[in-house]
Amino acid sequence: MSNDAPIGTPYEKGLFEVADGVHAYLQPDGGWGWSNAGLVAGDEGSLLVDTLFDLRLTAEMLAAMSAVTDTRPIQTLVNTHANGDHCYGNQLVEGATVIASAASAAEMEQLPPAALAAMMRADFGETTNAYLREAFGPFEFDGIAAPTVDRTFSGRLTVETGGRSIELIEVGPAHTAGDVLVHLPDQRVIFTGDILFIDGTPIVWDGPIQNWIDACRAIIDLDCQTIVPGHGPLTDAAGVQAVADYLSYIRAEATARHEAGMQADDAARDIELGPYADWLDWERVVINVEAVYRELEPDRPPADVMNLFRGMAELKLHK
C-alpha cells in the first residue's frame, strides 16, 4: 500500500501517494543507481514512469505497487532516459507499451546491461575498482535483457491512461541525449527523470548545459505542486533552482579555467565547490568539467568513460 506523502515527508524507501492515484517510488540515498520511479493509476490501467537498475529491485518495486496494479495493470511504461537505473528492469513489465524519446531509444542500444556487467569484472586498478564497487556493487547486471522501446517520439507527446492526460516533454539533450519530463497537469505533479538530482550532484553525460538550465526553468514554469526527481527526495521550485545554480556555477568556473589554459582534470581538482561540496557524489565535477570543455572545444574528442571514473575515484580519494 502507498504511504501518505506530502512534500515534507521524510525521504524513505517505498511507494508514496503524492496525489490522487499518483505515486512516487523513492530509493534513498539517491546516489549512483538509487533512482526514483512513478506510477499513475487510471480507471482501468496504469502508467509506470521508469524501472530500476536491476531485476531484483524492479521486482521489489512492482510488488510494492501490486495493491494498485492488480486491478489496474500497467499498460504503458515511459522511460525518461536511457541510463540503466531508469530502464534495466523493463523486461519485468510484461505486456506494457514502452515509450521513450527517439534519442533515448537510440542511446539504449549503446548502453547494454552486459557492458556494465563486464565493467564490474574488469581490472582498472585498485582505486578505480574500489570506486566502482562502492557505486555499483549493490546491483546485479547479469541476466538483464537489453531494454527495447515500442513507441518513440520527439518534442512532445500526450498519452491517456484510464482517463488521465499525461504530457511527455522532451528536454534533452541535457543529462543524456533524450531526457523526458512526465507531467500531469490536472494533478500538478511532474516526474523529472535525471533532470533533477536533489541533494546529489548532477551528471552532464551529454549537454549542452544551457539545455539543462532551460529544462529546470521549464519545470519551474509548470508550477507543479509535487516534483519527483530522478534521484533524491521530493522537491519544490527551490530545489529545481538549486540544480540550475549548480550547473551555472560549474560552467562559469570551468570556463574561467579553460581560458587560463588549464587541462580539464586539473580544473576539476581546482574548483572549490562551496555550497555544493556536501552534495552526494560531489566528485562528479570531473564529468561536468569535461562537459564544459567539450562545449568550448567543438573538435574535442569524446572522453573515455573509464578515464572519467578513474578521475572521480582519484579525486574522491585525495581531496
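If you take the beta carbon distance between S165 and R56 as r and set R0 to 22 Å, what does 1/(1 + (r/R0)^6) give as a FRET efficiency, to the nearest 0.05?
Plugging the Cβ-Cβ distance into 1/(1 + (r/R0)^6) gives 0.05.
Of the two radii for the range 1-114, the radius of gyration is 0.96 times the Kirkwood radius, both from the alpha carbons; that is the Rg over Rh value.
Here the gap between T158 and S66, fully extended at 0.36 nm per residue and compared with their Cα-Cα distance, gives a gain of 30.6 nm.
Tell me the net charge near S35. Cut-off is 9 Å between Cβ atoms, S35 excluded, with +1 for each Lys or Arg and -1 for each Asp or Glu. Surrounding charge for S35 is -3.
Calculated translational diffusion coefficient of the range 3-318 (37 °C, 0.692 mPa s; Stokes-Einstein with Kirkwood radius over alpha-carbon pairs) equals 167 µm²/s.
Given DSSP loops and a limit of at most 14 other Cβ atoms within 10 Å, what is the longest stretch of the chain that contains no such GluC sites (Glu not before Pro)? Between the exposed loop sites, the longest stretch runs 110-271. The label point for A238 and the one for M306, both projected 7 Å from the Cα toward the Cβ, are 4.4 nm apart.
Counting only alpha carbon atoms, the long axis of helix 237-259 and the longest principal axis of the chain meet at about 20°. Under 5 Å from the amide H of T161 lie the amide H atoms of I166, each residue being 5 or more positions distant or on a separate chain, with H modelled from the backbone and absent for Pro and chain starts.
Bear in mind these aren't lab numbers, they're just calculated from the coordinates by the rules spelled out. Given the structure is predicted, the values throughout are model-derived calculations rather than measurements. Don't worry about glycine lacking a Cβ; one is built from the backbone with ideal geometry, like all the others, and counts go over all protein chains shown.
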